[in-house]
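The values are calculated or read from the model by the stated rules, or taken from the named source; none is laboratory data. In this text the structure is predicted, and so the values were computed from the model without any measurement. As a convention, Cβ positions derive from the backbone with ideal geometry for all residues, glycine included, and neighbour counts pool all protein chains shown. In case anyone asks, the SASA skips ligands and DNA or RNA and just uses the protein heavy atoms, side chains included. Shrake-Rupley method; radii C 1.70, N 1.55, O 1.52, S 1.80 Å.
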Amino acid sequence: MNTITNKTNVDSNVVVKEKKVNLFKLDMRAYSMIGALLVIWILFTILNDTFLTPRNLSNLFLQMSVTSILSIGMVLVIVSGQIDLSVGSLVGLTGGVGAILNVWFGWSPVAVIAATVILGALIGLWQGWWIAYRAVPAFIVTLGGMLIFRGVLTGITDSRTIAPLTPDLKIIGQGYIIPLVGMILGTATLIFTVYYIIKQRNDRIKYGFEVLPMKWTAAMIIGIGALIMGFVYLMNSYQGIPIPFIVVIVLAAVFTFIAKSTVFGRQVYALGGNPEAAVLSGINIKRRILMVFVLGNTLAAIAGLILTARVNAATVSAGNMYELDAIAACVIGGTSLMGGIGTIPGAIVGALVMASLDNGMSIMNIDSFWQLIVKGSILILAVWFDIYSRTKNKTS
């Protein structure tokens, strides 16, 4: 009897140890992105002391906004086992339509925003219908969409630049929140974050899951609080928090909730992780794929509006190659191209990495072809790392 008890204790200790190792590996993968971002920032700061100034950081967060919004939608698409190559051209088309309605027809900003967002949703419905209900591969449908949308943009604008926008519409791409409001929002965000972390910890304890020691949880809260208030202080040192970045944070929070806390989100992850099991469990796969593309293309329309407002013009080349940046941001942030794995906060960090590289190389006057080479190389390395991690996990 003692022998059996001892054996059971040994097996239990082995299981606990394996769980701790797996948790450690998960943390290493999650925090490696942040480590890479810090290395990039330190490197560019050493090479050019203007990189970490409030003005440049404000521009950096403005630059990353469009890619971040695209990557939020792209996470859902990739997690579901699909791909969308049309979002860059869709950014150009929806931004062009918004500019035409505002500049040529004098529509109010509210009407322009509503019409453009609806257009993005309808395009997503069209592309999703071909993919989900006509079984045309997403690669082909969205590749065709990339060409179609760029052609339509060229036709409706007659290859001309549409500008300038009205001041009320420009504010969504160029505006800033005043320091007092920014401080209030930062404080509210901090309070909500503390509440969420503590609630999540208590829920895990309630259901018997492992949690970090309280001292590490407190250290994490202090670190996150320092980041939030430090960010607000830096932005207030220039002109305030950029409105496009506020849009990114709101959309990221909403879609993180959708992905993690709704039946739809869990079904999307199940669909990408194991399609056969998803079918057997009764998930309406066609409807879920359709909805994923509706949401992704709606976000692309929002990104198109912000880009057009930021540059105060719609051009034929707007959004060119943005699909590469969105996919790269997702993959760098830990989204697997095999489907089923990925987080929206990770994609936001990935977008910040891409924007930091663009911004740093630009202020150093590095030729644009080097920027393309660097971004392409990082995309390849990120995909390789994902495949390597999956292979290693299967063999271990």
**Prompt:** Inside region 317-356, can you point out the residues that are more than 13 Å from VAL383 (Cβ to Cβ) and surrounded by fewer than 18 Cβ atoms within 10 Å (Cβ to Cβ)?
**Reply:** SER317, ASN320, MET321, PRO345
**Complete:** Pairs returned, first residue in region 204-220 that is assigned by the TED database to the domain that holds THR193, second residue that is among the basic types (Lys, Arg) and open to solvent by 100 Å² or more (accessible area, probe 1.4 Å), beta-carbon separation under 9 angstrom, 6 or more apart or interchain, are GLU210/LYS19; GLU210/LYS20
**Prompt:** Quick one: would you say ALA111 is within 30 Å of GLN239 (Cβ to Cβ) and at pLDDT 95 or above?
**Reply:** yes
**Message:** Just to be sure before I move on: is VAL79 in contact with a Phe, Trp or Tyr (Cβ under 9 Å, 6 or more places away or on another chain), farther than 21 Å from GLY151 by Cβ and buried (at least 24 other Cβ atoms within 10 Å of the Cβ) in the structure I sent?
**Reply:** yes
**Asked** Does at least one position in region 222-230 carry a residue that is open to solvent by less than 40 Å² (accessible area, probe 1.4 Å), outside any helix (DSSP H, G or I), of a type in the set (Gly, Ala, Ser) and over 25 Å from ASN202 (Cβ atoms)?
**Response** no
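Quick one: would you say PHE245 is in a helix (DSSP H, G or I) and modelled with pLDDT of 95 or more?
On the way: in a helix (DSSP H, G or I): yes; modelled with pLDDT of 95 or more: yes.
Judged against the criteria, PHE245 is a match.
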**Asked** Pick from THR50, THR67: which is within 18 Å of the chain's Cα centre (by Cα) and touching a residue at least 24 places away in the same chain (Cβ under 8 Å)?
**Response** THR67
**Request:** May I ask you to list the residues in region 37-58 that are open to solvent by 40 Å² or more (accessible area, probe 1.4 Å), touching a helix residue (DSSP H, G or I) at 6+ places or on another chain (Cβ under 7 Å) and among the polar types (S, T, N, Q)?
**Result:** THR50
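Name the residue that is farthest from ILE241 (Cα to Cα), counting only residues in region 154-207 that are assigned to a loop (DSSP other than H, G, I, E, B) and among the charged types (D, E, K, R).
In the first step, residues of region 154-207 are kept if they are assigned to a loop (DSSP other than H, G, I, E, B); the result is 158-161, 163-166, 175, 178, 207.
Subset that is among the charged types (D, E, K, R): 158, 160.
Numbers: ASP158: 36, ARG160: 32 Å.
The extreme case among them is ASP158.
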**Asked** If VAL254 passes every condition in (1) surrounded by fewer than 20 Cβ atoms within 10 Å (Cβ to Cβ); (2) at pLDDT 95 or above; (3) more than 15 Å from the chain's Cα centre (by Cα) but one, which one does it miss?
**Response** (3)
**Fill in**
(1) charged (D, E, K, R); (2) modelled with pLDDT of 90 or more; (3) open to solvent by 70 Å² or more (accessible area, probe 1.4 Å) all hold for ARG150 apart from (3)
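Please determine whether any residue of region 66-75 is within 16 Å of ALA303 (Cβ to Cβ), hydrophobic (A, V, I, L, M, F, W, C) and open to solvent by 10 Å² or more (accessible area, probe 1.4 Å).
Looking through region 66-75, none of the residues is within 16 Å of ALA303 (Cβ to Cβ), hydrophobic (A, V, I, L, M, F, W, C) and open to solvent by 10 Å² or more (accessible area, probe 1.4 Å).
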**Prompt:** Residues in region 161-179: is at least one open to solvent by 60 Å² or more (accessible area, probe 1.4 Å), over 23 Å from the mean Cα position of the chain (by Cα) and free of Cβ contacts under 8 Å to residues at least 40 places away in the same chain?
**Reply:** yes
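Look through region 188-217, keep the residues that are of a type in the set (Phe, Trp, Tyr) and over 19 Å from ILE228 (Cβ atoms), and return whichever of them is least open to solvent (accessible area, probe 1.4 Å).
Within region 188-217, the subset of a type in the set (Phe, Trp, Tyr) is 192, 195-196, 207, 209, 216.
Cutting the leftovers down to over 19 Å from ILE228 (Cβ atoms) gives us 207, 209.
Values: TYR207: 152, PHE209: 124 Å².
Checking each candidate, the answer is PHE209.
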